[in-house]
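Asker: Quick one: the structure is below, and I'll ask about it shortly.
Rule-based calculations on the coordinates, nothing more; no lab input. Quick caveat: nothing in here was measured; it's all calculated off a predicted structure. Cβ placement follows ideal geometry from the backbone for every residue including glycine, while neighbour counts extend to all protein chains displayed.
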């Protein structure tokens, strides 16, 4: 997909969390899937490392904290490459 089309689709899915790109998941579904994965780790011996796209991490934050809680830059650009997000329970 050309970059311009991808950037447009990214912006549309950030605005409409229920928009499902062709053959994929909505942003809301992706955030919920990561939340479910993390919840399944409770009680397991750790530490655990999980690798995901920054956009999915941003959607998890929106799922947990509300759509307006994450910084605007995180929604527009996603979580930066090689970022480390610590999940404390």
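Asker: Helix 3-15 versus the longest principal axis of the chain: what angle, 0 to 90°, nearest 10, using Cα atoms?
Answerer: 60 degrees
Asker: Just to be sure I understand: with springs between alpha-carbon atoms less than 10 Å apart, which residue in 29, 15, 59 has the highest mean-square fluctuation in the Gaussian network model of the chain?
Answerer: The residue that fluctuates most here is 15.
Asker: Still on this model: Multiplying the sequence separation of residue 56 and residue 25 by 0.36 nm and subtracting their Cα-Cα distance, what value in nm do you get?
Answerer: 10.1 nm
Asker: How would you classify the stretch 1-48 from its alpha-carbon gyration tensor, with a ≥ b ≥ c the square roots of the eigenvalues: rounded for a/c under 1.5, else prolate if a/b is greater than b/c, otherwise oblate?
Answerer: On the way: a/c = 3.60, a/b = 2.59, b/c = 1.39.
Prolate, because a/c is 1.5 or more and a/b exceeds b/c.
Asker: Per-residue ellipticity at 222 nm for the chain, helices alone: DSSP H runs ≥ 4 residues times -39500 (n - 2.57), over residue total, nearest 500 deg cm²/dmol?
Answerer: -15000 deg cm²/dmol
Asker: Can you work out the FRET efficiency for the pair residue 85 and residue 8, with r the C-beta to C-beta distance and R0 = 22 Å, to the nearest 0.05?
Answerer: Working: r = 27 Å, r/R0 = 1.21.
Once rounded, the FRET efficiency stands at 0.25.
Asker: Tell me the relative contact order for the chain as a rounded percent, counting alpha carbon contacts under 8 Å between residues six or more apart. If you can, show how the numbers build up before the last one.
Answerer: On the way: 65 pairs, mean separation 21.1, N = 89.
Value for the chain: 24 percent.
Asker: Taking only Cα atoms, what is the 0 to 90° angle, nearest 10, from helix 27-39's long axis to the longest principal axis of the chain?
Answerer: Helix 27-39 and the main axis of the chain meet at about 10 degrees.
Asker: How far is helix 54-65 tilted, in degrees, relative to the longest principal axis of the Cα atoms in the chain, given as a value from 0 to 90 rounded to the nearest 10?
Answerer: Rounded to the nearest ten degrees, it is 70.
Asker: Considering only 58, 49, 39, give the residue with the highest GNM mean-square fluctuation for the chain, with springs between Cα atoms whenever their separation is below 10 Å.
Answerer: 49
Asker: A follow-up question, please. How long is the gain from residue 64 to residue 16 if the chain were fully straight, where each residue apart is worth 0.36 nm and the alpha carbon distance is subtracted? If you can, show how the numbers build up before the last one.
Answerer: On the way: separation 48, 0.36 × 48 = 17.28 nm, distance 1.69 nm.
Here the segment from residue 64 to residue 16 would lengthen by 15.6 nm.
Asker: So how do 20, 48 line up by other beta-carbon neighbours within 10 Å, fewest first? Can you show the working numbers first?
Answerer: Values: 20 13, 48 10.
In increasing order of surrounding Cβ atoms, one gets 48, 20.
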